[in-house]
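Rule-based calculations on the coordinates, nothing more; no lab input. Note that the coordinates shown come from a computational prediction; the quantities given were computed from them, not determined experimentally. Every residue, glycine among them, receives a Cβ derived from its backbone with ideal geometry; neighbour counts consider all protein chains shown.
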Amino acid sequence: MIVILTEKPSVARDIARHVGAGQKHEGYFEGNGYQVTWAFGHLIALKEPEDYDPILKKWSLHTLPLLPEKFELKLLDDKGVKKQFGIIKKLLVYANEIICATDAGREGELIFRYILSMSQVKKPWKRLWLSSLTDDAMKKAFQNIKNGSEYDRLYAAAKCRNESDWIVGLNATRNYTVRYGKGHMLWSIGRVQTPVLAIVVNRDDEIRHFISQPFWELFTKYRNVNFKFKGDRFNTKDLAEGALNQVKGFPFIIDKVSAKKEQEHPPLLFDLTELQREMNRKFGMTAADTLQIAQTLYEQKFITYPRTDCRYLTSDMKPQIAKTLVQLQPLKGKEIEPLDLSQLPFTNRIVNDKKVTDHHAIIPTGKLPQALPLGSQRLYDAITTRLIAAFYPPCIKEITTIEGHANQTPFQAKGVRILSPGWTLLYPKKGNETQENEMVEEVQVLPLFEKGETGPHDPFITEGKTKPPAHFNENTLLGAMETAGKMIEDESLKDALKNKGIGTPATRASIIETLIKRKYIERRGKQLLANDLGRYLVAIVQDRNLKSPELTGEWELKLKQIEKGEYDACLFMNEIRQFAQQLIHESDIFKINSDIYGHCPQCKSLVIKGNKGYGCSKWKEGCKFVLWKQYKNIELTEAQIQTLLQKNILLQPMNGNILILSRQGTLQEIPVPSEERNYSSRRKK
Ligand SMILES: [Zn+2]
């Protein structure tokens, strides 16, 4: 008997139908020489500390770091799980041949390998790698079935991911909870979760500390077109008015009229993160909802495998794509009509064999849905439109620049004219779409100007204010997680992280949800804002690496390298163990150096004592940092000043709140989250 194991019951049903296993038994299908059984996602987890030794149930600093020599597995404590595992195990033990058909990715591999390991079955097995659940795709996958051992490196990466999350999460959580939990609060820290929280907290702080500056700009109106002064903005109204008076009364003369054509190519196909960002931008859908809907559409065979981070197709898919577009005609006839399906223009923006590894971009399968719920309909529509648009010509624009001057003061105006809309025809702008993050240039339609023409004009100034950066929403946070780009200075690391970022496409949505569930961040409308609880957590986590995207991104890259056989799994785990050891050790040895007050947060010079406060010793050179003795209505002691300068954080100087010294040298007070609130948030889980 050939036993096939899938990740979920619904997929088992499809595969059973495909192989002709028509009889339903408890926990599996059988027929035609096959038994098809299923898991319910993860059935097995790593053991908890107390499973190794009951004494470890008590959280104590003495037992940290906890670093099991060899990780052991246990079944999830659930009646249904235990029963299903019993069925799977029996089938595997008696199988002549085993086929793994769990989801084609890191987590799917882990689910199967853990089941195999706990069943103590040591037989060779085969791996079915499905990119889509249609009959065609299944047939192809069965023809290309591989030996299981070819996926050993994927398993190594999956195991490293799981064990390193255990080590970092468990040790950091216990460490900070024991030190700062005051006996009743749980501080949950995760290898991936905490850097994401820090990104949100830092942005909120940046906004809170932002000081808006007024500025003035000079314009002139000539033949009903606004021309803008080509120089910088003015910092004072006087300067702006001075410039205005320079041009008043002088004629305006056109110096140069130039036009150039620009091409805008259709967007690349979707990977999961891009799909989540688009659905959030257009419809305010959460990343978690988008993933869940995409997974359902995949299981209903309407779209290909969604948990992908690839935006390209392989060249052998070309005939299939043409066929898919034919199948889509009843739904999208009008959009497909202009395309020549016998000669589709496959550019290297669509097909790129080198950039496709495990999975290709998300595309429709060609199986047409009937009536879908609204969210599913929107998602399906976005995916099909994106595929069709990929074959449309670029949008061609003509950008006209008119330059002129009045009394030697240069001005310029720009206009844009669409010469050929190309793919943008498929994306008519709707009023309710938000435009954030899109480069929307202020454009005007220009009349014809001629070089040398001149005439009267009407100069004027406008007043504006600098604006703080925007709060994160799911779209922009996913973008920040994907590149971690803005927060990383090392260029080579930035490039390596471009597609790897923090977390994986499959996990990013759940990271956001976890932070919301733990009340570290909250949704307010579309925005994601840090709560006091989250700000407090980021403040107490002293290990900068625990909250930096750099280290997390580096680990993610190494996991990818382990998958490709370019990095050693043991080496990786040793680094993680060392990190945990260091984390605990450094929290232990951090002592205040009583010989100095500390170092200036702005320039790192020594701090000296003055009459009313403690200031930077480089004050003569212009460093303005001072920490006043008086904070609100209390006077900070010398020891408290030292703590603030050396640890950047002071717990409970007066009313239980904490004080944080920011890197800009400002003091910030964060209320201690109340016991009550935290208790209720834990109970809700
Ligand atoms: Zn200084």
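For the chain, what are the DSSP H helices with axial Cα length of 27 Å or more and mean Kyte-Doolittle hydropathy of at least -1.0? Can you show the working numbers first?
Numbers: long enough: 152-180 (41 Å, -0.69); 569-589 (30 Å, 0.08).
Flagged H segments are 152-180, 569-589.
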_Can you tell me what share of the DSSP beta bridges in the chain is antiparallel? A percent to the nearest 5 is fine._
85 percent
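Determine the sum of side-chain charges near G452: Lys and Arg each +1, Asp and Glu each -1, restricted to other residues whose C-beta is under 13 angstrom from that of G452.
Details: positive: K256, K451; negative: D255, E403, E450, E453.
Surrounding charge for G452 is -2.
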*What shape does the chain have by the C-alpha gyration tensor, where a ≥ b ≥ c are the square roots of the eigenvalues, rounded means a/c under 1.5, and otherwise prolate means a/b greater than b/c and oblate the rest?*
oblate
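Just add up the charged neighbours of L116: K/R +1, D/E -1, any other residue whose Cβ is under 11 Å from the Cβ of L116. Could you put the intermediate results ahead of the total?
On the way: positive: K89, R113, K122, K123; negative: E109.
Cβ neighbours under 11 Å give a net charge of +3.
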_Can you compute log10 of I(q)/I(0) for the range 2-144 with the Debye formula, treating each Cα as one identical point scatterer, at q = 0.12, 0.15 Å⁻¹?_
-0.53, -0.75
*asked:* Run the helix sum for the chain: -39,500 (n - 2.57) per DSSP H stretch of 4+ residues, divided by residue count, reported at 222 nm to the nearest 500 deg cm²/dmol.
replied: -12500 deg cm²/dmol
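Return H585, H405 ranked ascending by Cβ neighbour count within 10 Å, so the fewest neighbours appear first. Mind dumping the intermediate values first?
Values: H585 12, H405 19.
Going from least to most buried by this count: H585, H405.
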*Just report the Cα centroid separation between the range 161-194 and the range 68-144, whole Å.*
30 Å
*asked:* Starting from a Cα-only point model with no solvent, please compute log10 I(q)/I(0) by Debye for the range 272-390 at q = 0.09 1/Å.
replied: -0.23
